[in-house]
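Let me begin by presenting the structure, written as structure tokens, before commenting on it.
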Amino acid sequence: MEKYLLILAAACAAVGYGIYKKRRIYRDIDKLLDCVLNQEELIDSEVKEGEFSALVSKIGRIQQMLGRQVESAREEKEQVKSIVSNMTHQLKTPLANLSIYTDILDDPKLSVEKRKEVSGKLKKQLERLGWIIDSLMKMIKLEQDVIVFEAHKLPIRQTILEAIDAVYEKVEKKGIHIISEPYEDVRLYHNRKWTAEGLVNILENAVKYTETGGTIRIRVHSYETYTKIQFIDNGCGIREEEIPHIFGRFYRGRETENVEGCGIGLYLSSLIFEKEKGYMTVESEYGEGSCFSVFLQNCKN
């Protein structure tokens with residue numbers, strides 16, 4: 001009888017220990033889940049092995065995943081704040097100018113000649129405002145993959161000519177010479193409309209920072225996988241420390257403070273070429289000029 005009592009006692013003890021152990025595991029898991037919910041560092045768990053250890057491991061991975069998502073959301077929020085702040089800054093100047101010119105035009109004593117001059121300035125500010133808004137919208141849509149454009153196997157010569165034609169008036173007005181070196185009209189993987197816009201931004205940048213009577217040279221060279229399209233100017237050049245930032249959103253160098261612009265063009269161009277699985281680079285010597293190179297994929301025959 002005593003033997004049976006001992007066996008019963010041992011069984012009860014085993015059951016009791018099992019219940020205690022299970023409750024302890026549940027408490028540990030509950031604490032781990034609280035850590036996940038409160039975004040706190042996971043506590044050390046005594047559940048090192050057995051059927052619940054895999055669950056503890058998954059809880060750890062879930063917390064890491066949630067942490068990455070929270071960080072991503074935080075970065076996106078900061079990015080949106082930065083975009084809004086920069087947009088506000090970029091729009092402030094043309095809007096202020098519009099207000100000034102409108103007030104001037106309200107003056108009944110304004111001469112016909114002066115009224116015509118101010119009207120021209122007003123129109124120019126409206127065009128600049130429209131360009132900024134249009135560029136900002138394109139930039140945001142490209143960043144968010146809202147715009148999806150198809151690239152085709154197209155000859156590049158016509159695309160380059162369309163870009164030159166778009167800046168021809170500014171080039172002629174400033175007396176700048178565009179020299180296009182002879183090249184083979186190769187077929188490249190690109191979207192003509194968007195690629196031309198990307199090239200226009202590069203050309204306008206070159207025109208803007210090249211003195212009257214300067215030169216912009218266009219050179220095309222094909223390699224095995226890519227074709228390089230170069231735009232070489234003899235303008236003011238870029239300081240060495242600024243080159244890594246030149247394609248950044250809204251970036252403007254120290255030398256450009258008094259030159260009209262908003263730091264969107266080159267960034268927009270880089271986004272366009274990336275969408276076409278291409279890229280762009282820049283080499284520059286301060287005071288001597290710059291060379292912007294666009295690399296687009298060759299078409300496989």
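The values are calculated or read from the model by the stated rules, or taken from the named source; none is laboratory data. Keep in mind it's a predicted model, so treat the numbers as computed, not measured. Note: ideal-geometry Cβ built from the backbone for every residue, glycine included; neighbour counts use all protein chains shown.
Structural remarks
- Some residue of segment 247-265 being at negative phi and at pLDDT 85 or above: no
- Close pairs (6 angstrom Cβ cut-off, 6 or more residues apart or separate chains): under 19 Å from residue 105 (Cα atoms) in segment 120-135, aliphatic (A, V, I, L, M) and in a helix (DSSP H, G or I) anywhere: 125/98
- Residue that is surrounded by the fewest Cβ atoms within 10 Å (Cβ to Cβ) [pool: residues in segment 206-227 that are more than 24 Å from the chain's Cα centre (by Cα), over 18 Å from residue 154 (Cα atoms) and among the hydrophobic types (A, V, I, L, M, F, W, C)]: 218
- When residues of segment 165-205 are limited to those that are free of Cβ contacts under 8 Å to residues at least 40 places away in the same chain and among the aliphatic types (A, V, I, L, M), the one surrounded by the most Cβ atoms within 10 Å (Cβ to Cβ): 196
- Taken over segment 234-251, the residue count meeting the criterion of being assigned to a loop (DSSP other than H, G, I, E, B) and not small (Gly, Ala, Ser) is 9.
- Residue 185 touching a strand residue (DSSP E or B) at 6+ places or on another chain (Cβ under 7 Å), acidic (Asp, Glu) and assigned by TED's automatic domain parsing to the domain that holds residue 235: yes
- Meets criteria (touching a strand residue (DSSP E or B) at 6+ places or on another chain (Cβ under 6 Å), within 22 Å of residue 270 (Cα to Cα) and of a type in the set (Gly, Ala, Ser)) for residue 196: no
- Test: residue in segment 176-185 that is farther than 21 Å from residue 228 by Cβ and small (Gly, Ala, Ser): no
- Residue selected from segment 228-246 under the condition among the aliphatic types (A, V, I, L, M) and over 25 Å from residue 183 (Cβ atoms), by the criterion surrounded by the fewest Cβ atoms within 10 Å (Cβ to Cβ): 243
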